[in-house]
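The numbers here are math on the coordinates, done by the rules we state, and not lab data. Keep in mind the model is a prediction, meaning the values are calculated, not measured. Positions of Cβ are generated from backbone atoms using ideal geometry, with glycine treated the same way; all protein chains shown enter the neighbour counts.
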Amino acid sequence: MTPPERVRPPFVADERTQLVGWLDMQRAIVHYKCEGLAEQDAHRPVLPGSPLMTVAGLVSHLRWTEQTWFEVLFLGRPAEGPQFDETVEDADMRVEGVPLARLLEEYTRQCAISNEIIAAHKLDEVGRHPGFRSAQATLRWMLIHMVEETARHAGHLDTIRELLDGATGYY
């Protein structure tokens, strides 16, 4: 699988183009942080207080976070997936034995679904899921939140990757 291109959005463009452009760039950085990483290292924790915060765990978390915000909260689809498992804490980050390549493919597919949803709706539309207070947010708010969420975890991946094998680089 070819990683997405890391491209900043244009300096002058409409709001949607810029927001989706920044989100896509952060998504691409997630892939960049995984390039060339040994499978064992993808699942190796390096932060003693956060044993689930691995490269693989973060990629899985980001995949399910995309699904939660755009499919569940915004479209109102059923709240299904490991992130809704109340019996297992941080279930979306528990990916022992799942290859990083598979997690990245699932993340890529989920991001494409998210982008289709974003393209098909007005930024001022609000979410539809009746069971979650967060669904009251507009698509714009959700999109901005996902830029923040993805960028924050891209920063985590940057640190984890350097601790794993010394690889650095942002862009």
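Restricting the search to the range 44-90, which residues are among the acidic types (Asp, Glu) and either crowded, with 20+ Cβ neighbours inside 10 Å or touching a residue at least 40 places away in the same chain (Cβ under 8 Å) (or both)?
Result: Glu66, Glu71.
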Can you pull out the residues in the range 122-135 that are surrounded by fewer than 15 Cβ atoms within 10 Å (Cβ to Cβ) and within 17 Å of Gln18 (Cα to Cα)? Lys122, Asp124
Restricting attention to the range 7-49, which residues are over 21 Å from Cys111 (Cα atoms) and in a helix (DSSP H, G or I)? Glu39, Gln40, Asp41
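Table: residues versus (1) surrounded by 16 or more Cβ atoms within 10 Å (Cβ to Cβ); (2) in a loop (DSSP other than H, G, I, E, B); (3) within 12 Å of the chain's Cα centre (by Cα).
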site	(1), (2), (3)
Cys111	yes, no, yes
Ile118	yes, no, no
Glu148	no, no, yes
Ala154	yes, no, yes
Glu162	no, no, no
Thr168	no, yes, no
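Sort out which residues of the range 91-139 are farther than 20 Å from Leu75 by Cα, of a type outside the set (Lys, Arg), touching a helix residue (DSSP H, G or I) at 6+ places or on another chain (Cβ under 8 Å) and in contact (Cβ under 8 Å) with a residue 24 or more places away in the chain, and write them in order of number. Please lay out each step first, then the result.
Taking the range 91-139 and keeping what is farther than 20 Å from Leu75 by Cα, we get 91-105.
Of the ones still in play, those that are also of a type outside the set (Lys, Arg) are 91-93, 95-101, 103-105.
Pick out the ones that are also touching a helix residue (DSSP H, G or I) at 6+ places or on another chain (Cβ under 8 Å) and you get 91-93, 95, 98-100, 103-104.
Across the range 91-139, the qualifying residues are Asp92, Met93, Val95, Val98, Pro99, Leu100, Leu103, Leu104.
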Considering only residues that are free of Cβ contacts under 8 Å to residues at least 60 places away in the same chain and farther than 17 Å from His61 by Cα, which ones fall in the range 9-42? Pro9, Pro10, Phe11, Val12, Ala13, Asp14, Thr17, Gln18, Gly21, Met25, Glu35, Gln40
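How many residues does the range 136-146 contain that are surrounded by fewer than 18 Cβ atoms within 10 Å (Cβ to Cβ) and over 16 Å from Val20 (Cα atoms)? Full working, then the answer.
Step one: filter the range 136-146 for residues surrounded by fewer than 18 Cβ atoms within 10 Å (Cβ to Cβ), giving 136, 138, 140-141, 144-145.
Filter again for over 16 Å from Val20 (Cα atoms), leaving 136.
Counting residues in the range 136-146 that are surrounded by fewer than 18 Cβ atoms within 10 Å (Cβ to Cβ) and over 16 Å from Val20 (Cα atoms) gives 1.
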